[in-house]
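To keep things clear, I will list the structure first and then write my remarks on it.
Read-outs throughout are calculated quantities, based only on the coordinates presented, and are distinct from any laboratory measurement. Computed from a prediction, not measured in an experiment: that's the story for all the values here. Virtual Cβ from ideal backbone geometry, glycine too; neighbours counted across all protein chains shown.
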Amino acid sequence: MEGQRELEPGRSDTARAVALAHLLHKECTNLLDLYKERESFLSHHVPEGERLLIFDLCADTPSSAQRVGHAHSALSRCLEMLECLIAREVEELGEDFKGEYETARNTVKDRIGHLLHSTGALLENGEGMCAPLPEFQCNQ
């Protein structure tokens, strides 16, 4: 068993990143449901099952490394957007509440940060990095 870990050192990092991604997906689904309960206007603007954020792949047939790079770029943008949303909510509400929604929101934010770190570690050699995304403007 120890010898196999030495032969495939990246496998545990990859498995960890995949597990984090699955957990993040569940938590994002929960956060979106809580947000829909809180903000009824969202159901009028986002069709059921539609994605809120879509990125083009950086190649027609991306390699595994390119897909990880793509996920890393998308996660980075999602974190920027979530941080912007949090700042706006705190500004509009005047204080940071500690309800189920806020707890879920902070959990998702932390989980995205962990997954960004994990995917970044998988890309340490720079392979698979997509072209940088345009700078995100929080006022959008």
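The lysines within cross-link reach of Lys98, meaning a Cα-to-Cα straight distance under 17 Å and a gap of 8 or more places when in the same chain, are Lys109. Toward the positive end of the charge dipole of the range 66-121, about the Cα centre and with charges on Cβ (Lys, Arg +1; Asp, Glu -1), which of Ile112, Ala87, Ala71 goes farthest? Most positive-ward Cα: Ala71.
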